[in-house]
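Please treat every number below as a calculation from the coordinates, not as lab data. In this text, all values refer to a predicted model and were calculated from it rather than measured experimentally. All Cβ positions, glycine included, derive from the backbone under ideal geometry; neighbour counts span all protein chains shown.
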Protein chains: 2
Amino acid sequence: VIAANITSPAVVLVNPQMGENIGAAARIMANFGLHDLRLVAPRDGWPNPKAQAMSAGALDDKGPVRIYPDVASAIADCTLAFAISARLRDMEKDVFGPLQGCALLKERAQKGAQVAVLFGAESSGLNNEAVSQCDALITYPVDAAFNSLNLAQAVAVFAYEWGTDREVEQMATPHEETGNIADKKTQFQLFEHLESELVKAGFFFPPEKQTMVIRNIRNALTKARLTDQEVRTFRGIVRALVKGRGNKG
Amino acid sequence: VIAANITSPAVVLVNPQMGENIGAAARIMANFGLHDLRLVAPRDGWPNPKAQAMSAGALDDKGPVRIYPDVASAIADCTLAFAISARLRDMEKDVFGPLQGCALLKERAQKGAQVAVLFGAESSGLNNEAVSQCDALITYPVDAAFNSLNLAQAVAVFAYEWGTDREVEQMATPHEETGNIADKKTQFQLFEHLESELVKAGFFFPPEKQTMVIRNIRNALTKARLTDQEVRTFRGIVRALVKGRGNKG
């Protein structure tokens, strides 16, 4: 979760229909440290038992959600409000991706300003009047052929993007792999081969520790990212050790 | 959505309990172009009408989900599998954030390899045995005091992170604002002031175009990001124009 010295953005659900989605939105917001949920004229009124049930406690902890009759009153204290919308609008508005949009909102919030994001109803999204009250749009990089997000999922994407400090979590520099990493089936065959031989050899003592010891062995071998060739080598090693034991015994 | 020349990652739900979450997961996956959903021993069997209902068509379009009896068979064809887990484990596994984890998975998938991410059951997450079969963990940057995500929301975060091409969507360089941007209430007061005067002046003709014309005016003024001082100036302008008209009329 990002630093606390930033004003939490208002998440405004405009005419939300299903209590389940309101509750799920509150839960994912709390997961990422967001606690300013505002509802504009929720269809089923408020409080809503289904919202409560889906919130996993998020609605209990943070006190009452605030309810407003219209968008104008819900964002009256905000100096920057972005509409989350999948549809392209024929309005003269800037359209940002979530990274850019969040960066702009955070820049303002870090100065102590109240900012907001607006989400429309499940059935139809934000209407043009609501969008016209916003400064810009944020559009997610969705598949054009399947672009309708569930309301709570749309909130999840924003909450995660807001809660992720991209300057802290640097992109990894993936190291180049050499060789052909064995697939899991091949890896498991090695594990099972080794373990069956260890059982026969009476390696697991006391028996109640077997599960834990096997797990530790598998963890160690998984970390090695064995190639197909290395798996073959290890299986040869197991066979050789077993055969040697037979010879001696 | 990212380029198609990359193998779609397998999203593996281990012992999922609620059909609703399976359906919601399938929907958000489809939103971000992911179509390889695998279920390990779903509690309520398969097919599941509640999953179907929540998938908004995602389960219809992509053909049957694949069902497996255990984790080993679900990821047998994968060469890299990451466990999504909020809990810290006392195992010897690398732990990545979602950006790093996704970058590593994508690097492998771009070479045509099959990769996987595993999600645990709603009640308890992934058990240690399942985690031990994975190469590493991905942990989300959640609030430690409220760290339990809904299953479908956890899938949403991954699907979004996978579907976002961070090299294409550059971080914006937010420009520095000067002055004190007027809050929405102040902006709306200007709009309403202007519009009421325009009505009195008979500006809106024909009347059926009033809504659209008002929206265009508001869009134009919103884009200007007026400061408090500028709003005062504009309101003065409106008053001055009205007064002048009165004098002349």
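The table for this structure:
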read-out: Of all DSSP beta bridges in chain B, antiparallel share, percent nearest 5; value: 10 percent
read-out: Environment charge at B:Pro49 (Cβ cut-off 13 Å; Lys +1, Arg +1, Asp -1, Glu -1); value: -2
read-out: Copies compared at A:Pro47 - label distances in nm, ascending, label defined 7 Å from Cα in the Cβ direction; value: 3.9
read-out: Cα long-axis angle, helix B:228-248 against chain B (0 to 90 degrees, to the nearest 10); value: 30 degrees
read-out: Environment charge of B:Leu151, counting only residues whose C-beta is closer than 11 Å and scoring Lys/Arg +1, Asp/Glu -1; value: -2
read-out: Pseudo-label separations to other copies for A:Ser73 - Cα-to-Cβ vector, 7 Å, nm; value: 5.8
read-out: Helix B:210-223 axis, angle to chain B major axis (alpha carbon atoms, nearest 10°); value: 70 degrees
read-out: Pseudo-label separations to other copies for B:Ala144 - Cα-to-Cβ vector, 7 Å, nm; value: 4.6
read-out: Count, lysine Cα pairs under 30 Å in chain A, 8 or more residues apart or across chains; value: 21
read-out: Sequence-separation-based contact order of chain B, relative, with Cα cut under 8 Å and 6+ spacing, percent; value: 21 percent
read-out: Chain B: angle of helix B:184-200 to the longest principal axis, Cα-based, in degrees nearest 10; value: 40 degrees
read-out: For peptides A:72-84, B:203-215, sequence by mean Cβ density within 10 Å, most packed first; value: A:72-84, B:203-215
read-out: Chain A, rotation onto B, residue closest to that axis via Cβ, with its distance in Å; value: A:Ala156, 2
read-out: In range of the label at B:Ile217: residues from region A:33-77 whose backbone nitrogen is under 20 Å from the point 7 Å along Cα→Cβ; value: A:71-73
read-out: Distance between modelled label sites at B:Asp77 and B:Asp94, nm, 7 Å Cα→Cβ extension; value: 2.5 nm
read-out: DSSP-defined beta bridges in the protein assembly as shown - what % are antiparallel, rounded to 5; value: 10 percent
read-out: Spin-label proximity, B:Arg225 to region A:133-150 - amide N less than 20 Å from point 7 Å beyond Cα toward beta carbon; value: A:133-139
read-out: Residue-averaged [θ]222 nm for the protein assembly as shown, counting only DSSP H segments that reach four residues, each worth -39500 (n - 2.57); value: -13000 deg cm²/dmol
read-out: Bridge type composition, region B:32-146 - antiparallel percent by DSSP, nearest 5; value: 5 percent
